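Below you'll find the structure, written out as structure tokens, and then a few comments.
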Amino acid sequence: MANRLKTALLNPQFYRAMTGIVLFLVLWQLLTGVLDLPRFKLLPNPISVIKEWFSFEPLSGRSLFTQEYYLDIAYSVVRVLIAFSLATVLGVGLGLIMGWNRIFYEFTFPIVEILRPMPPLSWIPLAVLVLPGVEVAVVYVTFIAGFFATVLNTLLGVYSIDKKYFLAARCLGSKPRHIFRNVVVPGALPFIFTGLQISMGVSWMSLVAGEIISGQRGLGYAIYEGYSMFQYNQVVCYMFTLGILGFISSAGIRAVGRKLMAWEASRRGA
Amino acid sequence: MAKGKTPQGAISIKNVTKIYDPEGVHVVAMQDCSFDIAAREFAIIVGPSGCGKTTLLNAIAGFDGITSGEIFLDGELISSHQKQIKPNVDRMVVFQSGALFPWKTVMENVIYGPIVQGTMKKTEALARGRQMLNQVGLAGIEDKYPEELSSGIQRRVEILRALINEPRVVMLDEPFRGLDAVAKTVMHEFLVGVYCTSPRTMFFITHDLDEAIFLGDKVVIMTTRPARVKKIVTVDMPWPREHHIKTSKLYLDLKGEVLEAVHEEAKKAFQAGERELA
Amino acid sequence: MGENGKGGLDTLPESVSSQHRPVAKMGYLQLKLFKRVFNLRTARGFLSVLIFLALWQLVVYVKVPYLQYLPYPRQVAASGMTAVASWQYWADWGLSLERIFVGFIAAQIIGIPLGLAMGISKVFKGFSFPLFEILRPIPPIAWIPLAILFWPTRELSIYFLVFIGAFFIIVINVLQGVSNISVSLKWAASSLGAKPKDIFWRILLPGSLPSIITGMTVGMGVTWNVLIAAEMIAGQGGLGRATWEAYTNGNIPLIVVGMVSIGLAGYLSSTLVRWFGEKAMPWNREV
């Protein structure tokens with residue numbers, strides 16, 4: 001660990017990254033706090049944002065040291081987890097079956113292709129009116145977003161498998177269920193994980209919108225609430241919180257992917 | 001499969017014709033091709049590209065059908081216009097571009113066949129796999145993934161994966177293509193070794209004429225499209241084949257014979273190709 | 001594939017086939033085959049849509065717990081007819097499409113050069129990429145309050161949001177495209193006497209084109225999502241707004257009409273981008 005830190009510090013790359021970020025913050029501060037520019041001064045400046053974020057008595061009632069903050073995070077994270085898990089299980093399942101069985105594909109693909117272009121957020125009004133409770137509607141909309149992305153990528157994954165692996169498996173005496181387990185699933189895994197990362201991204205996006213529109217607790221709602229109560233520092237804090245959470249979840253998926261696909265590491269020359 | 005005699009792996013190809021896309025582009029890949037391969041014979045198939053060598057392999061393996069004619073394995077009809085036996089362990093294929101499952105380790109690949117068919121328990125299969133790897137000097141790579149290993153090793157593992165199933169026929173589609181000359185000599189030694197240990201019918205497609213004569217009992221030279229048997233050259237040299245035979249008179253004579261026949265067909269193929277493009 | 005034992009008609013000789021054969025790829029020789037199978041496939045497709053509609057009708061009729069509140073297909077169709085006949089509907093289309101294209105094109109104009117710069121210059125990437133990666137996971141929707149604060153008009157803030165949606169995607173894809181171009185290609189060009197300017201215009205740009213097109217296609221899909229949300233929350237006019245208003249009026253058939261319209265609009269724009277991609281890359285039929 002210490003070694004890694006040392007190599008990181010010696011790497012010029014590290015300093016460039018820091019410089020870039022610092023420059024950005026300086027520019028931000030200049031535009032919003034120091035210079036008297038027409039529209040920019042309406043925006044919160046980084047210093048006040050950081051002060052608010054780290055304060056013990058935040059004006060908005062939300063900072064790293066308040067319970068509210070973590071409650072908001074919890075609401076959003078739980079919703080995303082439920083929706084994402086459902087989308088993954090159903091999406092990968094459907095995608096695999098569609099890729100595996102041509103007849104099933106021909107029956108289901110047209111419907112999928114009609115429903116897929118409909119932006120997940122356009123489902124919100126319908127979902128709110130039809131489903132029991134706003135909470136379910138928000139989770140549903142988040143689910144839909146991830147679901148289609150997962151199905152599509154899983155399908156592509158199955159099709160990406162070189163035909164020779166199927167032939168070899170058949171020669172070796174595999175029955176269809178063997179082929180499914182030993183060729184289709186592992187072969188599609190790389191694409192599936194790409195799809196899951198995309199799914200996670202769109203899930204967060206839909207969730208935030210859903211929270212704003214439906215007015216339940218959570219990060220999205222807090223952003224909008226902050227805006228309507230003129231607590232712009234809160235808005236920016238939560239934006240960055242969302243960014244961090246999004247990054248962590250994608251990184252988490254990538255880590256799981258690397259674990260499951262150990263053979264890919266050798267291909268990359270690890 | 002009828003169990004009269006002990007299955008030996010004798011292949012009989014009778015008047016096989018294959019037309020691709022009969023109602024469309026109508027490509028006659030093969031016309032009236034006939035020849036036999038005796039049980040446990042090492043047969044080499046050479047010929048210009050696109051002349052239907054892979055067509056035959058596909059038909060025997062069960063991947064694809066034929067338009068007319070018949071193919072027999074030990075007297076049993078395995079392929080005709082109506083009938084097409086599905087691929088199974090009797091007729092193993094080793095693919096040109098390598099079909100080791102990249103997501104399985106070497107050992108998992110090798111024991112895949114017996115495990116999936118249920119002919120061996122896991123411990124038994126592992127032991128057998130280990131034994132086979134050791135026999136050919138490939139011990140210690142069991143837990144590696146194919147991509148971590150050189151192509152030479154990958155090809156050998158793939159051949160072992162096929163052999164562990166004790167097939168009647170092993171079909172190899174240019175398995176050593178792309179390997180450098182040094183690696184090839186290692187491969188040939190390897191193949192000669194496993195063939196002599198337990199002989200079984202080999203159906204070996206190649207473009208390398210040295211390889212063909214070195215490894216084969218007979219060399220079947222195919223014509224260009226529509227493919228037919230042009231000539232069969234018998235290689236009457238003792239087993240196990242050793243490298244010094246490559247400079248013997250018999251070898252060079254045979255090579256000359258094969259070379260001439262192949263060259264003739266290659267010229268025809270080029271001219272046909274040029275005509276197509278013109 | 002799968003349980004179909006036969007290789008059959010779609011196994012072609014070595015010289016005309018390839019090892020990879022995804023269902024959707026259509027080579028010249030397979031076109032004829034596809035036309036023959038086409039009838040059976042479209043039949044199944046039609047059948048499935050019919051079954052879907054029938055199920056929908058049934059579910060509402062039988063009063064399945066929550067789905068009973070869905071409108072009947074017929075009601076949606078009727079609502080759709082009225083909408084299509086009204087001027088307002090098409091005005092909404094126009095407004096939404098305009099917003100999409102302004103934001104989208106702005107994202108391409110700024111994003112593509114930026115991505116290329118990051119791909120070419122390691123130093124520049126070192127400065128900008130970490131910052132970029134920090135901002136990227138922030139959902140575009142979260143930018144709404146800031147956008148509204150900053151931009152003087154609603155329209156501008158909506159353009160900005162659409163821009164954000166497409167921007168990060170295109171940059172990431174361009175980056176990937178540039179890094180995919182093998183070093184040997186560049187070396188080959190150099191040894192043939194190419195100057196850096198040539199390498200850029202003749203190797204880098206065409207080589208990263210597939211990724212650029214992918215970025216545009218994916219970005220287009222995302223931007224619709226962002227636009228709809230933006231219109232619902234803060235917009236005036238446009239398909240998203242219209243759907244929202246249908247919601248506040250409790251006009252459920254119209255909500256569905258809105259959803260379908262949005263989906264259609266999204267589909268058309270994606271098709272447009274894909275068509276553009278095929279024209280831009282005649283050598284690469286499979287985008």
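Every number here is computed from the coordinates shown, using simple stated rules; none is lab data. Keep in mind it's a predicted model, so treat the numbers as computed, not measured. Positions of Cβ are backbone-derived with ideal geometry, glycine not excepted, and every protein chain shown enters the neighbour counts.
Here the dipole of the protein assembly as shown is about 540 debye; that uses its Cα centre as origin and unit charges on the Cβ of Lys and Arg (positive) and Asp and Glu (negative). Find, among the chymotrypsin sites (Phe, Trp or Tyr not before Pro) in the range A:42-130, those assigned to loop by DSSP (not H, G, I, E, B) with at most 11 other beta-carbon atoms within 10 angstrom. Those that pass, being in a loop and sparsely packed, are A:Phe56. What separates the Cα centres of the range C:83-132 and the range C:226-287 is a distance of 15 Å. Proximity of backbone amide H atoms, modeled 1.01 Å from N, is registered between B:Phe42 and B:Met202, B:Asp217, B:Lys218 at under 5 Å, excluding neighbours fewer than 5 places apart on the same chain.
Rounded to the nearest Hz, the phi-derived 3J(HN,Hα) couplings of the range B:17-34 under the Karplus curve 6.51 cos²θ - 1.76 cosθ + 1.60 (θ = phi - 60°) are 10, 9, 10, 8, 6, x, 8, x, 6, 6, 9, 8, 6, 9, 9, 6, 8, 9, where x marks glycine and proline. Close amide-amide hydrogen proximity is noted between B:Met171 and B:Met92, B:Val93, B:Val94, B:Phe203, each under 5 Å apart and 5 or more residues distant or on a separate chain (H modeled in the peptide plane; Pro and chain starts excluded). Counting only lysines at least 8 places from A:Lys41 when in the same chain, those with an alpha carbon closer than 18 Å to its own are A:Lys51. Once you keep just the Cα pairs under 8 angstrom separated by 6 or more residues, what percentage relative contact order results for the range A:46-268? Taking the mean separation of contacting Cα pairs over the length of the range A:46-268, I get 25 percent.
Divide by every residue of chain A the summed helix terms, -39500 (n - 2.57) for each DSSP H run of at least 4, and state the resulting mean residue ellipticity at 222 nm, rounded to the nearest 500 deg cm²/dmol.
Details: 13 runs with 205 residues, N = 270.
Rounded to the nearest 500, the figure is -25000 deg cm²/dmol.
Straight-distance candidates among the lysines for linking to C:Lys122, with alpha-carbon spacing under 27 Å and chain neighbours fewer than 8 residues away dropped: A:Lys6, C:Lys186, C:Lys195, C:Lys197. The Cα atoms of the range A:172-221 give a gyration tensor whose axes a ≥ b ≥ c have a/c of 1.5 or more with a/b greater than b/c, which makes the shape prolate. Within chain A, helices built from complete DSSP H runs that reach 30 Å or longer along their own axis (Cα positions) and carry a mean Kyte-Doolittle hydropathy of -1.0 or higher are A:67-100, A:134-159, A:185-214, A:232-260.
Tell me, which longest segment in chain A has none of the trypsin sites (Lys or Arg not before Pro) that fall in DSSP loops with at most 15 further Cβ atoms within 10 Å?
Value returned for the longest uninterrupted segment is A:40-267.
Remark: mean inter-chain Cβ contacts per residue of A:234-246 equal 4, using a 10 Å Cβ-Cβ cutoff to other protein chain atoms.
Can you pull out the trypsin sites (Lys or Arg not before Pro) in the range C:197-287 that DSSP calls coil and that have at most 12 other Cβ atoms within 10 Å? Of the trypsin sites (Lys or Arg not before Pro), the ones in loops of the range C:197-287 whose Cβ has at most 12 other Cβ atoms within 10 Å are C:Arg285.
Close amide H contacts of A:Ser63 (hydrogens built in the peptide plane, cut-off under 5 Å, sequence separation of 5 or more or a different chain): A:Tyr69. For the residue pairs A:Lys175/B:Lys104; B:Lys267/C:Lys279; A:Lys259/B:Lys122; B:Lys14/B:Lys86, alpha carbon separations beyond 28 Å are given by B:Lys267/C:Lys279. In the distance distribution for the range C:125-235, Cα-Cα pairs more than 20 Å apart total 53 percent. Across peptide A:16-29, the average count of Cβ atoms from other chains found within 10 Å of a residue's Cβ is 4.
With contacts taken as Cα pairs under 8 Å at a separation of at least 6 residues, chain B carries a relative contact order of 25 percent.
Listed cross-link partners A:Lys163/B:Lys218; B:Lys121/B:Lys144; B:Lys18/B:Lys218; B:Lys121/B:Lys184 are compared with a 29 Å cut-off, the Cα-Cα value being larger for A:Lys163/B:Lys218; B:Lys121/B:Lys184. Look at the stretch C:217-227: the mean tally of other chain Cβ atoms within 10 Å of its residues' Cβ atoms is 3. Each residue of the range C:47-61 was assigned a 3J(HN,Hα) from its phi angle through the Karplus expression (A = 6.51, B = -1.76, C = 1.60, θ = phi - 60°), giving 4, 5, 5, 4, 4, 4, 5, 5, 4, 4, 4, 4, 4, 6, 5 Hz with x at Gly and Pro. For the range B:70-165, the set of trypsin sites (Lys or Arg not before Pro) satisfying both a DSSP loop assignment and a count of at most 15 other C-beta atoms within 10 Å is given as B:Lys83, B:Lys121.
Compute the Cα gyration tensor for the protein assembly as shown, then decide on rounded, prolate or oblate, letting a ≥ b ≥ c be the square roots of its eigenvalues: rounded whenever a/c is under 1.5, prolate when a/b is larger than b/c in the other cases, and oblate in all that remain. It comes out prolate by the Cα gyration axes.
Are there any helices in chain B, counted as whole DSSP H runs, that stretch 30 Å or more along their axis by Cα and score at least 0.0 on average by Kyte-Doolittle, and if so which?
none
Pairwise inverse Cα distances across chain A, averaged and inverted, put the Kirkwood hydrodynamic radius at 21.6 Å.
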